[in-house]
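Okay, so here's the structure we're looking at.
Read-outs throughout are calculated quantities, based only on the coordinates presented, and are distinct from any laboratory measurement. All figures in this text were calculated on a predicted structure; none of them were measured in a lab. FYI the Cβ positions are ideal-geometry reconstructions off the backbone, even for glycines, and counts take in every protein chain you see.
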Amino acid sequence: MRVVEEADVIQPYRHVWNVTLARWIDELAAIIFDRSGTVAKGLSWFILDQETRFRAETMEGDRVRAVVTLPAIERVTARLDVRLVREQDEVTLVECRSTWILVSLADRRPRRIDDGMRARIAQ
């Protein structure tokens with residue numbers, strides 16, 4: 001859970017910048033994909049596609065909870081769905097669907113997601 005602070009909001013409107021919400025989603029993705037242990041193997045996750053829908057304003061003082069699912073892990077890609085919810089009234093603030101691709105840092109080519117990585121990111 002994250003509580004919206006003054007530094008997150010646009011003055012004088014008191015609502016959160018959309019880029020701040022996008023950064024929070026990116027930080028969640030990093031936490032999930034870092035579990036896969038890819039950096040030690042010379043691999044990284046790159047965003048392939050993303051669709052974000054801003055459903056309601058996020059205001060200073062809101063308590064925001066992330067609901068995260070990984071509905072699909074394919075051969076070289078994983079889909080990550082994130083929904084940001086205001087805890088006070090359970091209103092969905094943002095819905096984001098993104099597809100990430102596993103890439104070799106040496107040659108920038110896709111790499112197969114092995115069973116160990118799959119298990120770690122699906123936790």
The ³J(HN,Hα) series, computed from each phi in region 100-107 with the Karplus coefficients 6.51, -1.76 and 1.60 at θ = phi - 60°, rounded to the nearest Hz and given as x for glycine or proline, is 10, 10, 7, 10, 6, 6, 6, 10
The chain, Gaussian network, Cα under 10 Å: of 26, 34, 49, the residue fluctuating most is 49
Restricting to Cα pairs under 8 Å and 6 or more apart, the percent relative contact order of the chain works out to 29
The helix 18-34 Cα axis meets the longest alpha-carbon principal axis of the chain at an angle in degrees, between 0 and 90 and rounded to 10, of 30
For region 36-41, Karplus-derived ³J(HN,Hα) couplings (6.51, -1.76, 1.60; θ = phi - 60°; whole Hz; x for glycine and proline) come out as 6, x, 6, 4, 5, 9
So, with points 7 Å from each Cα along the Cβ direction, the residue 13-residue 115 label distance in nm works out to 5.0
